Amino acid sequence: MKMSTLRARAMIVAILVLMGLISYELSGLVQKAEAIPAFARKYDFKCNVCHVPGFPKLNDFGNLFRDRGYQLGS
């Protein structure tokens, strides 16, 4: 093999290793959410009544519920 080919492969390997290390380090920054579904228990709802898939985003009903001070009714 030519020296330039070896050098190119070594750079690719180094970049991949560096990317792997960065990904590993960043994965430690992510924290698991451990929410308590207090309102779901209180009102006997499932979480998807107020939330869309991809927590903690609210759907229209969830936004209305929040805007009304977490109370049902008028």
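Rule-based calculations on the coordinates, nothing more; no lab input. Here the structure is a predicted model, which means the values were calculated and not measured. Don't worry about glycine lacking a Cβ; one is built from the backbone with ideal geometry, like all the others, and counts go over all protein chains shown.
Roughly what angle does helix 3-27 make with the longest principal axis of the chain, taking Cα atoms, 0 to 90 degrees, to the nearest 10? Value to nearest ten degrees: 20.
Per residue of the chain, what 222 nm ellipticity follows from adding -39500 (n - 2.57) for every DSSP H run with n ≥ 4, rounded to the nearest 500?
-16500 deg cm²/dmol
Think of the chain as having a plus end and a minus end, set by charges on the Cβ of Lys, Arg, Asp and Glu; of Pro37, Phe65, Val13, Val13 sits farthest toward the positive end of this dipole.
Can you give me the orientation-averaged projected area of the convex hull built on the Cα atoms of the chain, in nm²? Present the calculation step by step, with values, prior to reporting the outcome.
Working: hull surface 32.6 nm².
Over all viewing directions, the chain projects a mean Cα-hull area of 8.1 nm².
A crude spin-label estimate for the pair Leu6 and Tyr43, with each label 7 Å from Cα along the Cβ direction, gives 6.9 nm.
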